[in-house]
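Reading through the structure tokens given below for one structure.
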Amino acid sequence: MISSHPEIELAGFIEQTCLKPTATVDDVRQMCWEAQRYRFAAVCVAPVYAPLAVELLHKQKPQVFTVVGFPLGLTTAPCKLFEAQEAAARGVTGLEVMVNLGAIKSGHYNAIYEELGQIVDAVGCEVRAILELNLLDATERQHVAEVCLDVGVTALKTSAGWSGPVRPEDILGLRRILRNQLGIKVAGGIHTLNQALERLAAGANRLGTGRGVEILREQHALGETA
């Protein structure tokens, strides 16, 4: 049972994230230092900063993820494939690929399968699919999750962060579809310890946030007063 107690290794669930368009080299350096200092599970950076993060975290615990087709997913499949291959060649641990939401809304699930499948087959690293769970109805969630189960991605990320926080009940619903066959990374709106714990309790395996240090400090402060 996840709790606020300091003996719970919450850091191992956190992927410290820096995807804002105004991010600087110094921002990325600071984030990577924090990830190493607090032993976060991973960092997630924009492709332009992926080589820097790989260099800074070489032989360190945190993994390095970058994004593909981010944030809208509307680049062409060949463009996404090139992005993915370039990032993989630069040594990242894994990729988070924004799916084409219009293809989902149009019922073109074969296009989603082919796009993701090409990337999975071409790279030798972990591949996750980014959804915008808040913009998909129950049927669409079911179908795209089934595609992801078949195509070989390792996890689903609930959001690129621009459609608002995902509700715990929606995470529970996605976990029921996936069972334990794929991971779930929740991103967007995780600013407090309570929000982090709610999402883990609902079935998330990883938490994407830029507030990982503050969340750990909040947990530690609660442990001191317990």
Tally of residues being in a helix (DSSP H, G or I), touching a residue at least 40 places away in the same chain (Cβ under 8 Å) and under 21 Å from GLY208 (Cβ atoms) across region 65-101: 2
Options LEU149, LEU135, LEU72, LEU131: the member that is aliphatic (A, V, I, L, M) and crowded, with 17+ Cβ neighbours inside 10 Å: LEU131
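Residue-by-condition table, conditions (1) in contact (Cβ under 8 Å) with a residue 24 or more places away in the chain; (2) closer than 19 Å to THR66 by Cα; (3) not hydrophobic (A, V, I, L, M, F, W, C):
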residue	(1), (2), (3)
ASP137	no, no, yes
ALA145	yes, no, no
LEU156	yes, yes, no
TRP162	yes, yes, no
GLY173	yes, no, yes
GLN181	yes, no, yes
LEU207	yes, yes, no
VAL213	yes, no, no
Single match in VAL166, VAL144 (criterion: more than 17 Å from CYS18 (Cα to Cα), among the aliphatic types (A, V, I, L, M) and modelled with pLDDT under 95): VAL166
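Can you go through GLU9, GLU83 and tell me which one is surrounded by fewer than 23 Cβ atoms within 10 Å (Cβ to Cβ) and over 22 Å from LEU193 (Cβ atoms)?
Working: GLU9 fails: over 22 Å from LEU193 (Cβ atoms).
The conditions single out GLU83.
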Test: residue in region 97-112 that is under 24 Å from PRO51 (Cα atoms), more than 15 Å from the chain's Cα centre (by Cα) and among the aromatic types (Phe, Trp, Tyr): no
Single condition ILE104 does not satisfy, out of (1) within 19 Å of PHE65 (Cα to Cα); (2) in contact (Cβ under 8 Å) with a residue 40 or more places away in the chain; (3) assigned to a helix (DSSP H, G or I): (1)
Filtered residues of region 169-189 (kept if at pLDDT below 95 and of a type outside the set (S, T, N, Q)): ARG179, GLY188, GLY189
Some residue of region 191-198 being farther than 12 Å from LEU133 by Cβ, under 15 Å from the mean Cα position of the chain (by Cα) and charged (D, E, K, R): no
Filter pass, VAL213 being touching a helix residue (DSSP H, G or I) at 6+ places or on another chain (Cβ under 8 Å), surrounded by 20 or more Cβ atoms within 10 Å (Cβ to Cβ) and either of a type in the set (Val, Ile, Thr) or outside any loop (DSSP other than H, G, I, E, B) (or both): no
Residues located in region 35-62, provided they are over 17 Å from the mean Cα position of the chain (by Cα) and closer than 11 Å to VAL25 by Cα: VAL48, LEU52
Positions within region 165-199 being among the acidic types (Asp, Glu) and under 22 Å from GLN219 (Cα atoms), in sequence order: GLU198
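The values are calculated or read from the model by the stated rules, or taken from the named source; none is laboratory data. Values in this document were obtained by computation on a predicted structure and should not be read as measured data. For neighbour counting, all protein chains shown are included, and Cβ atoms are generated from backbone atoms with ideal geometry for every residue, glycine included.
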